[in-house]
Amino acid sequence: MRYAIISDIHGNLQAAEAVLGLIERLDIGQIVCLGDIVGYGGDPSHCVDLIRRFCPRVIIGNHDAGAVGLTSVDYFNPAAREAVLWTDMVLSDEERNYLKNLPYEMDFEDFQIVHSTPDDPAQWKYLLVEEEAGPLFDFFNGRLLFYGHTHVPVVFRRDAEGTVHATGADDFILEKQVRYIVNVGSVGQPRDGDPRATFAVYESESEKVTFYREPYDIAAAQKRILQNDLPQMLAIRLAFGR
Ligand code: ZN
């Protein structure tokens, strides 16, 4: 089975369509979404609609939760807060209900998924460095956990001796006795300096993880942010992937 693992679409319809188009060309049947369908971008309803149509298995992100009143937006930075409050206003009740009922984590036969961290997914902690990754391996059972939230693709490996190190977003095949926490990056707002949309594919027979970068119409996504009077910096940063 091949799974496309996508995360952090953030209301960016152009990026979502580009990624779903590539997934279709790759002929991957299973699409899994790690949350943050909305927030930042100018097309939250369209993105919810796309994800509902193409991704049967979806978990909730902090911006989804913030937009439907499930989590406080007090700790969001001002631009993020403004966008999430606007998102709250433009979503239909039906779309809000859909987001409200998404689970925080999900188990698959070969891997597990969470938006932020597996110890307490509703706390929305950020996992960025090795020191933070080590203890988190105790909070899931399998060999492989996918997450999003930081918008920076990375692979944390823990070997049989318990040593953890980060290896960057390079394609890899699962090794025996090694466990992995993998960030698949962001579709709609990459922050690793590469503005292309990011996602990963997991092939369960070969136990291989492959990262993809896909260009999309950044100018059109920026236009949608500005047309809706959302903070200008949310549009500007898309061009830099920061
Ligand atoms: Zn996000």
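The values are calculated or read from the model by the stated rules, or taken from the named source; none is laboratory data. Bear in mind that the values here come from a model prediction, so they are computed numbers and not experimental data. Don't worry about glycine lacking a Cβ; one is built from the backbone with ideal geometry, like all the others, and counts go over all protein chains shown. The area values use the complete protein model at the heavy-atom level, side chains included, leaving out ligands, DNA and RNA. Shrake-Rupley method; radii C 1.70, N 1.55, O 1.52, S 1.80 Å.
Before moving on, here are some points about what is shown:
- Test: residue in the stretch 20-32 that is under 20 Å from ARG191 (Cα atoms), open to solvent by less than 10 Å² (accessible area, probe 1.4 Å) and modelled with pLDDT of 95 or more: no
- Tally, over the stretch 148-165, of residues that are assigned to a loop (DSSP other than H, G, I, E, B) and within 16 Å of the ligand (Cβ to nearest atom): 6
- Scanning the stretch 1-42 for residues that are within 16 Å of the ligand (Cβ to nearest atom), at positive phi and out of contact with any Asp or Glu (no Cβ under 7 Å at 6 or more places or on another chain) yields GLY39, TYR40.
- Filter result for GLY168 (farther than 30 Å from HIS46 by Cα, out of contact with any Asp or Glu (no Cβ under 8 Å at 6 or more places or on another chain), touching a residue at least 12 places away in the same chain (Cβ under 8 Å) and outside any strand (DSSP E or B)): yes
- Within the stretch 45-64, considering residues that are closer than 17 Å to VAL90 by Cβ and within 13 Å of the ligand (Cβ to nearest atom), the one surrounded by the most Cβ atoms within 10 Å (Cβ to Cβ): HIS63
- Considering the stretch 87-118, the residues that are within 16 Å of the ligand (Cβ to nearest atom) and open to solvent by less than 50 Å² (accessible area, probe 1.4 Å) include one that is farthest from the chain's Cα centre (by Cα), namely THR87.
- Taking every residue in the stretch 206-225 that is within 22 Å of VAL90 (Cβ to Cβ) and pairing it with any residue that is buried (at least 20 other Cβ atoms within 10 Å of the Cβ) and of a type in the set (Phe, Trp, Tyr), at least 6 positions away or on another chain, the pairs with Cβ-Cβ distances below 9 Å are ILE225/TYR40.
- Among (1) open to solvent by 40 Å² or more (accessible area, probe 1.4 Å); (2) over 20 Å from HIS151 (Cβ atoms); (3) in contact with a Lys or Arg (Cβ under 9 Å, 6 or more places away or on another chain), the one test that VAL178 misses: (1)
- Complete set of residues in the stretch 140-155 that are within 16 Å of LEU34 (Cβ to Cβ) and either aliphatic (A, V, I, L, M) or out of contact with any strand residue (DSSP E or B) (no Cβ under 7 Å at 6 or more places or on another chain) (or both): LEU144, LEU145, HIS149, HIS151, VAL152, VAL154, VAL155
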